[in-house]
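The values are calculated or read from the model by the stated rules, or taken from the named source; none is laboratory data. In this text the structure is predicted, and so the values were computed from the model without any measurement. Cβ: placed from backbone, ideal geometry, glycine included. Neighbour counts: every protein chain shown. We work out accessible area using only protein heavy atoms, side chains counted, and drop any ligands, DNA or RNA first. Shrake-Rupley method; radii C 1.70, N 1.55, O 1.52, S 1.80 Å.
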Amino acid sequence: MELIVFTNNGQTYHFFEVTDFKPTTTGFSFTYTGKATGVTRKAVFNNTSTAGYALV
């Protein structure tokens with residue numbers, strides 16, 4: 001699955017190979033694999049810094 005995150009300051013982040021997407025009480029977290037590096041990482045976003053997100 002792919003995830004696009006829109007921030008309050010107008011930036012957009014696009015994540016590929018997203019797994020374990022979990023809404024939390026303060027935002028959301030997920031695991032993704034970097035397209036250029038092939039490294040799997042975990043990311044956490046806070047609701048106060050994100051305007052929204054789209055799961056594709």
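Which value, in Å², gives the accessible area per residue of the chain when a 1.4 Å probe is used on the protein heavy atoms? Write out the running numbers ahead of the final one.
Working: 3740 Å² over 56 residues.
With the other protein chains kept in place, the chain gives 67 Å² per residue.
Mind listing the phi-derived Karplus ³J(HN,Hα) values for the range 17-28, rounded to whole Hz, using 6.51, -1.76 and 1.60 with θ = phi - 60°, and x for any glycine or proline?
So the Karplus estimates, Gly and Pro as x, are 6, 7, 9, 6, 5, 9, x, 10, 5, 10, x, 7 Hz.
How big, on average over all directions, is the shadow cast by the Cα convex hull of the chain, in nm²?
3.6 nm²
Using a 1.4 angstrom probe on heavy atoms only, work out the carbon and sulfur share of the accessible area of the chain in %.
54 percent
For the pair S29 and T48, how long in nm is the line joining their label points, each one 7 Å along Cα→Cβ?
The two pseudo-label positions are separated by 1.9 nm.
Apply the Karplus parameterisation 6.51 cos²θ - 1.76 cosθ + 1.60, with θ equal to phi minus 60°, to every residue of the range 49-56 and state each ³J(HN,Hα) to the nearest whole Hz, in sequence, with x for glycine and proline.
Karplus-based 3J(HN,Hα) across the range 49-56 equals 9, 10, 8, x, 8, 10, 9, 10 Hz.
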